[in-house]
Amino acid sequence: MNCRHNTICLLLALVLALPAVIHAAAPPLIAEDFLLLIGDTEYTFDIPAATMVASLEKLYETPMDVSATASCLFEGEDKEYANDELLIGTCPRGRNGEDVVETILILGGLWRTTRGIGIGDSRTRVIDAYGEPSLVDYDQLIYAMGSEVDAPQLIFQVDLETDTVLTFALLRNSSK
């Protein structure tokens, strides 16, 4: 064989291997995948909701709308703090019934996950960043950090016509 033939074979092997490199397995979910950066502060689940809500109200320079209903799992009320871009769901399971963050739902704006995914990104970009989802449920790509019932989840709702992210949520099921 001549040198040119070897070079062509090597290039062909590299081209054939390229899709495997592009769609290599993404690292599994870790605690940092469930952070929301507001200003210079990172927020996540199981923290006092009042601190996060105060930071959001300062950022938006307006109070967030709040709704409450009796909690079916804990003493006190489950609450939702919302504006046009975010919904923060809480439950009263902190010390002395203090509200703690359970759900962070991104509805609009320029918010991104810690791996850089935001509203308008393609399904392919989500899969490149997170790998194949733990579960696909119609228009939702669901990623779980573990198999326990209360394992944190990252859920992307995808527009089935455009194959792009419509909303995404960071969720912690605190039913335990």
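Within the range 76-90, the set of residues being open to solvent by 30 Å² or more (accessible area, probe 1.4 Å), within 30 Å of Gly118 (Cα to Cα) and assigned to a strand (DSSP E or B) comprises Asp78, Lys79, Glu80, Tyr81, Leu87.
Mind telling me which of the residues Gly97, Gly116 ends up being modelled with pLDDT of 95 or more, small (Gly, Ala, Ser) and open to solvent by less than 60 Å² (accessible area, probe 1.4 Å)? Steps first, please.
Working: Gly97 fails: modelled with pLDDT of 95 or more.
Result: Gly116 is the single residue among Gly97, Gly116 that is modelled with pLDDT of 95 or more, small (Gly, Ala, Ser) and open to solvent by less than 60 Å² (accessible area, probe 1.4 Å).
When you look at Thr90, is it more than 17 Å from Ile38 (Cβ to Cβ), modelled with pLDDT of 95 or more and among the hydroxyl-bearing types (Ser, Thr, Tyr), yes or no? No; evaluated as a whole, the condition is false for this residue. Where strands (runs of 3 or more DSSP E) fall entirely within the range 120-175, those with at least 1 residues that are touching a residue at least 24 places away in the same chain (Cβ under 8 Å) are at 140-144, 153-159, 164-171.
Of all the numbered requirements in (1) open to solvent by 30 Å² or more (accessible area, probe 1.4 Å); (2) at pLDDT 95 or above; (3) under 15 Å from Thr44 (Cβ atoms), Leu154 misses one, and that requirement is (1).
Considering only residues of the range 24-56 that are acidic (Asp, Glu) and within 16 Å of Leu105 (Cα to Cα), which is nearest to the chain's Cα centre (by Cα)?
Within the range 24-56, the first condition is being acidic (Asp, Glu), and the residues that meet it are 32-33, 40, 42, 46.
Among the residues that remain, those that are also within 16 Å of Leu105 (Cα to Cα) are: 33, 42, 46.
Numbers: Asp33: 7, Glu42: 14, Asp46: 16 Å.
Once the filter is applied, the top-ranked residue is Asp33.
Residues of the range 48-75 that are part of a loop (DSSP other than H, G, I, E, B) and open to solvent by 40 Å² or more (accessible area, probe 1.4 Å): Glu61, Thr62, Pro63, Cys72, Leu73, Phe74, Glu75.
Contact map, the range 76-94: first residue closer than 17 Å to Ser55 by Cβ, second residue buried (at least 18 other Cβ atoms within 10 Å of the Cβ) and among the basic types (Lys, Arg), Cβ cut-off under 7 Å, separation 6 or more or different chains; pairs are Thr90/Lys79.
The values are calculated or read from the model by the stated rules, or taken from the named source; none is laboratory data. Being a predicted model, the structure only gives us computed values, none of them experimental. Ideal geometry is used to build each Cβ from the backbone, glycine not excepted, and the neighbour counts take in all protein chains shown. These area figures cover heavy atoms from the full protein model, side chains too; ligands, DNA and RNA do not enter into them. Shrake-Rupley method; radii C 1.70, N 1.55, O 1.52, S 1.80 Å.
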